[in-house]
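One structure below.
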Amino acid sequence: MSAAHEAPSLELHAPDGASARIYLDGAHVTSWIPAGSTTDRLFVSREARYGPGCSIRGGIPVCFPQFGPFGPIGHHGFARLSRWSVVRQEEVDGGARVVLRLTDTEASRAIWPFAFRADLSVHVAADTLTVELTVTNTDSTPIDFTAALHPYFAVENAYATQVRGVAGCRYRDGVRGGEEFEEAGAVLPIEGHIDRVYYGTPDIVELREPHRGLRIEKRGFPETVVWNPGAEGTRRRTDFADGDEVHMVCVEAAVVRPPVLLTSGEQWVGTQTMTAVP
């Protein structure tokens, strides 16, 4: 485990002033500041750990080849714990972009016995951050997986924050033993510990604070996950600080049910685009 300044990372700086920081361990985005702003829209705990084998608490973890418990291997998979390589870094489409890559190794095949290539593209410009995960089956046999992009959004007060766009959607409630329900409310308030996988959600949802919002758009991901650990959840995790639950809400793009199935040579792409709105 190393300090944040010791772990290898890179910064993206768009011509308009928008910026992002990405760590090579986990291809983990930890900072996103829109153009014209000094406020980071991503939350990272001051107790977060960095370096090989550590999943940074906050930012945007990449969950692959498994999201949560939805699969036969470890919780959230190994991509967030692995060192990725830089494929290219460039100015494009009015902003800045980096593409990072993870391929199978002897260690990964001991956990998940397949050959693959995963590319993560991070693009920042103006008021928008776009993260795109591309998975290619380089094995000779079919592969299947679940996955998610798991952003921790910084909020002033989670309990004055709402998620809009999941009304009427069926969801799995992890707080209530995985039982399924239908979202009856027009908006979803954050009132404490919440752990829900919403199925078949619209491609656009909104995270709304009293004074600002985030437009969150997904492509290739059928599910939306909403998570906040609550006070007990931060207390029992050593990489959270007490009270962190008040300053973060996760709204995630996921593919869970059914898993992605790729034949040899086939490719899957999932994208999450986040836009700061008044």
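The values are calculated or read from the model by the stated rules, or taken from the named source; none is laboratory data. As the structure is a prediction and not an experimental result, all values here were calculated from the model. Methodologically, a virtual Cβ is constructed for each residue, glycine included, from the backbone with ideal geometry; neighbour enumeration extends over all protein chains shown. Quick note on the areas: whole protein, heavy atoms, side chains included, nothing else; ligands and nucleic acids left out. Shrake-Rupley method; radii C 1.70, N 1.55, O 1.52, S 1.80 Å.
Legend: P(r) of the stretch 1-80 from all alpha carbon pair distances, 5 Å bins from 0, whole percents, reading 3, 15, 22, 22, 17, 12, 6, 2, 1. Within the full protein context, the accessible area of SER31 is estimated at about 20 Å² for a probe radius of 1.4 Å.
Around TRP32, under 12 Å between beta carbons, what's the net of Lys plus Arg minus Asp minus Glu among the other residues? Result for the local shell: -1.
Viscosity 1.306 mPa s, temperature 10 °C: Stokes-Einstein D of the stretch 185-237 from its Kirkwood Cα radius, in µm² per second? Please report the intermediate quantities before stating the final value.
Details: Rh = 12.7 Å.
The estimated diffusion coefficient comes to 125 µm²/s.
What net charge do the residues around TYR199 carry, taking every other residue with its C-beta under 14 Å from that of TYR199, with Lys and Arg at +1 and Asp and Glu at -1? Taking every other residue near TYR199 into account, the sum is -3. Using a cut-off of 10 Å between beta-carbons, work out the net charge of the residues near GLU252 (Lys and Arg +1, Asp and Glu -1, GLU252 not included). Surrounding charge for GLU252 is 0. Accessible surface comparison of HIS123, HIS247, probe 1.4 Å, protein chains only, largest first: the order is HIS247, HIS123.
Sorting TRP84, TRP227 by accessible area puts them as TRP227, TRP84; the probe is 1.4 Å, largest comes first, and only protein heavy atoms count. Taking amide H positions as modeled 1.01 Å from N, with prolines and chain starts lacking one, the residues under 5 Å from ALA27 and 5 or more places away or on another chain are TRP84. Evaluated with a Cβ-only charge set (Lys, Arg +1; Asp, Glu -1), the chain carries a dipole of roughly 240 debye about its Cα centre, given to the nearest 20. The calculated 222 nm mean residue ellipticity attributable to helices in the chain amounts to -1000 deg cm²/dmol, summing -39500 (n - 2.57) over DSSP H runs of n ≥ 4 and dividing by all residues. Using a 10 angstrom cutoff on alpha carbons, build the Gaussian network for the chain and name the most mobile of GLY71, GLY36, GLY51. In this elastic network of the chain, the residue with the biggest mean-square fluctuation among GLY71, GLY36, GLY51 is GLY36.
If I stretch the segment between ALA115 and HIS193 completely, what's the gain in nm (0.36 nm per residue apart, minus their alpha carbon distance), one decimal?
Working: separation 78, 0.36 × 78 = 28.08 nm, distance 3.72 nm.
Length gained between ALA115 and HIS193: 24.4 nm.
Label positions at ILE73 and VAL86, each projected 7 Å from the Cα along the C-beta direction, are separated by 2.6 nm.
Need the full-extension length gain, THR39 to ALA4, defined as separation in residues times 0.36 nm minus the C-alpha distance. One decimal, nm.
Here the segment from THR39 to ALA4 would lengthen by 10.7 nm.
In sequence order, the stretch 157-169 has phi-based couplings of 8, 4, 7, 10, 10, 10, 10, 10, x, 10, 4, x, 7 Hz under the Karplus curve 6.51 cos²θ - 1.76 cosθ + 1.60, θ = phi - 60°, and Gly or Pro positions carry x.
For the full complex of protein chains and a 1.4 angstrom probe, list HIS13, HIS28, HIS76, HIS5 by accessible area with the highest value first. Walk me through the numbers before you get to the answer.
On the way: HIS13 110, HIS28 0, HIS76 20, HIS5 155 Å².
These residues rank, largest area first, as HIS5, HIS13, HIS76, HIS28.
Where q = 0.15 Å⁻¹, what log10 of I(q)/I(0) comes from the Debye formula for the stretch 108-244, counting one point per Cα? Per q value, in the given order, log10 I(q)/I(0) is -0.94.
Simple rule: put +1 on each Lys or Arg Cβ and -1 on each Asp or Glu Cβ in the chain, find the dipole, and look at VAL155, TYR198, LEU133; the Cα lying farthest toward the positive end is LEU133.
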